[in-house]
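> My questions will all concern the structure given below.
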Amino acid sequence: MARRKVKQQVDNKKLIIEAFNEMAREKSIDRDLLQGIVEETLSAMVRKKYGLESNFDIIVNMEKGDIEIYLMREIVEEVENAELQISAEEYTEKTGEAPVIGDEYIEEITLENIADSFGRRLIAQAIQNLNQRIRDVEKDNIYEEYAKRVGEIIIGEIYQVRPNNVLVMHNKVEMRLPREEQIPTERLKKNQQVKAILKEVRRSGGATGLPDLILSRADDSYMARLFEQEIPEIYDGIIEIRAIAREPGERAKVAVTSFDERVDPVGACVGMKGIRIHSIVRELGNENIDIIEYTEDPRLFIARALSPAKVRDVQISQDGHQATVIVPDDQVSLAIGKQGQNVRLASKLTGYSLSLVKEGAEDIELIEFRDEIGRDVFDQLIQAGVDTAREFLEAEPAMLLAIAPKEKIVRIRTVMLEEFEERENQDYLVALDEAATAAELGEEAVEVAEDIAESYAEDTPEVYEPSEEEAPSDTEVVSEDGDEQAAE
């Protein structure tokens with residue numbers, strides 16, 4: 001019987017040691033810190049059972065699996081303070097020995113008798129508190145570890161795909177790849193390895209209360225990190241990325257500069273036969289990337305940013321925020337790009353609001369006014385053959401009214417004329433009003449006009465015209481002044 005009891009104690013200690021080790025390993029908690037948490041939890045349990053003033057010691061040995069509690073109380077005839085005293089009668093019941101009044105009684109509570117001393121309910125509460133403390137430490141550890149890693153590339157495994165988030169597991173820590181941080185053209189699947197940048201770490205998020213670790217594949221910084229990984233000259237600081245403009249999954253422009261005159265920044269980024277840039281393109285879902293050499297000259301930088309289009313001239317406005325770009329007629333479509341993508345990225349890359357003007361004509365492409373025009377009206381104007389601001393200003397009022405209301409047409413004209421620093425043509429506004437009025441009347445107005453014409457014809461008396469035989473040889477003609485004159 002004694003051997004069985006000793007064996008049970010040994011087994012319990014082994015279980016405790018294994019539990020401590022697993023907890024420290026799984027939760028990434030320092031063993032000394034974990035030991036302190038266990039001691040604090042047991043101290044709270046003792047105080048709840050024996051009182052806040054109770055005198056006790058707790059020994060936790062994680063190496064040996066020992067947990068011991070020593071409760072010290074004074075032996076007295078009559079108890080006045082139950083937290084610090086024990087009656088002689090209770091002492092005899094517990095020990096079977098004769099009490100010595102005034103002596104200190106040390107009661108040892110071990111794993112074998114802890115349930116009898118505290119009760120299962122109190123122990124369950126202590127375990128719950130212990131788990132909560134460990135979770136709090138785990139949260140702090142995760143936050144502190146990953147807060148230092150913001151901006152790093154993380155490789156994890158997708159374990160759940162949701163409508164608005166993709167959940168990624170990295171070293172048994174859950175991370176989140178929101179829809180807006182994904183590349184729109186790619187479809188991520190469960191169990192797939194995914195690479196992304198750790199964009200943000202929030203202290204708490206979701207029902208678990210664990211830190212919210214946000215990943216991104218669409219952020220400009222992710223592309224910058226990929227360049228650092230694939231291009232040694234960037235990693236070593238010989239080449240620097242000065243600006244990035246992206247429309248994730250479709251196209252991007254990257255401005256680079258070299259601190260070594262012997263190193264071509266564009267060629268180094270592209271690599272032999274494009275091998276360096278192609279690996280980045282594949283990682284980003286075949287996103288087309290234009291590499292541009294940065295320059296402090298804003299005019300030259302803007303011209304390079306609009307590549308592959310070739311421009312004739314760049315004029316910077318006085319406020320330093322806008323630029324007018326003169327483009328040859330055969331380069332306009334290249335400069336604009338598909339749905340305005342090229343000029344939009346160039347504007348973002350350079351920080352200038354760009355206006356494209358055809359060479360040889362003081363004109364501005366209609367796409368520059370798309371925000372003022374609106375997408376639907378813009379598309380209809382393009383279909384109608386109106387490609388520039390001048391063509392809009394000179395278009396027939398009736399044609400424009402078939403696309404947009406008069407008030408909108410006037411607003412668009414005002415914006416365009418301000419851009420050209422010209423005054424409104426009042427004659428055109430009159431013609432626009434007349435065309436709008438006619439359009440409002442429509443078919444009903446035409447029918448009314450026809451009815452009036454018919455009514456007028458019916459009420460008009462017939463005019464008698466004499467024949468040649470009846471007509472006199474001489475006809476009197478009354479002049480405007482009333483005098484009668486004879487006609488020959």
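Readers should treat all values here as calculations from the given coordinates under stated rules, not as data from a laboratory. All values derive from a computational prediction rather than experimental measurement. Note that we place each Cβ from the backbone using ideal geometry, even for glycine, and neighbour counts take in every protein chain shown.
> Place a label point 7 angstrom from the Cα of E359 along the Cα-to-Cβ direction, then list the residues of the range 287-324 whose backbone nitrogen is under 13 Å away.
309-314
> By the gyration tensor of its Cα atoms, with a ≥ b ≥ c the square roots of the eigenvalues, what is the shape of the range 281-335: rounded for a/c under 1.5, prolate for a/b over b/c, or oblate?
Numbers: a/c = 2.63, a/b = 1.57, b/c = 1.68.
Oblate, since a/c reaches 1.5 and b/c is not below a/b.
> Next up: Relative contact order for the range 370-450: what is it in percent, counting Cα pairs under 8 Å that are at least 6 residues apart? Write down the numbers at each step before the final one.
Working: 28 pairs, mean separation 23.6, N = 81.
Reported relative contact order: 29 percent.
> Here's another thing I want to ask about it. Given the Cα-Cα distance of I101 and I326 and 0.36 nm per residue of separation, how much length would full extension add, in nm? Can you show the working numbers first?
Numbers: separation 225, 0.36 × 225 = 81.00 nm, distance 10.63 nm.
Stretched out fully, the I101 to I326 stretch lengthens by 70.4 nm.
> Still on this model: By its C-alpha gyration tensor, with a ≥ b ≥ c as the square roots of the eigenvalues, how is the range 149-218 shaped: rounded for a/c under 1.5, else prolate for a/b larger than b/c, else oblate? Intermediate values should be presented prior to the final figure.
Numbers: a/c = 1.43, a/b = 1.29, b/c = 1.11.
Cα axes put the range 149-218 in the rounded bin.
> Taking Rh as the Kirkwood radius, which is the inverse of the mean 1/r over Cα pairs, what is the Rg/Rh value for the range 370-450? Write down the numbers at each step before the final one.
Values: Rg = 13.7 Å, Rh = 13.5 Å.
Value, to two decimals: 1.02.
> Within a 10 angstrom radius of the beta carbon, how do D319, D140 rank from fewest other beta carbons to most? Don't skip to the answer; put the middle values down first.
Details: D319 7, D140 13.
Least crowded to most crowded, the residues run D319, D140.
> Only Lys, Arg, Asp and Glu count, each charged at its Cβ (+1, +1, -1, -1), so figure out the dipole size of the range 281-403 about its Cα centre, rounded to 20 debye.
Numbers: 12 positive and 23 negative charges, 75 e Å.
In total the dipole reaches around 360 debye.
> Can you tell me the length gained on complete extension of the stretch E418 to Q315, counting 0.36 nm per residue apart and subtracting the Cα distance?
Using 0.36 nm per residue and subtracting the Cα-Cα distance, I get 35.3 nm.
> Next up: As an exercise, use a Förster radius of 22 Å and the Cβ-Cβ distance of M399 and E372 to find the FRET efficiency, rounded to the nearest 0.05.
On the way: r = 19 Å, r/R0 = 0.86.
Plugging the Cβ-Cβ distance into 1/(1 + (r/R0)^6) gives 0.70.
> Let me ask something else. On a C-alpha basis, how far is the centre of the range 141-163 from the centre of the range 240-263 in Å? Whole number, if you could?
After rounding, the separation between the Cα centres reads 26 Å.
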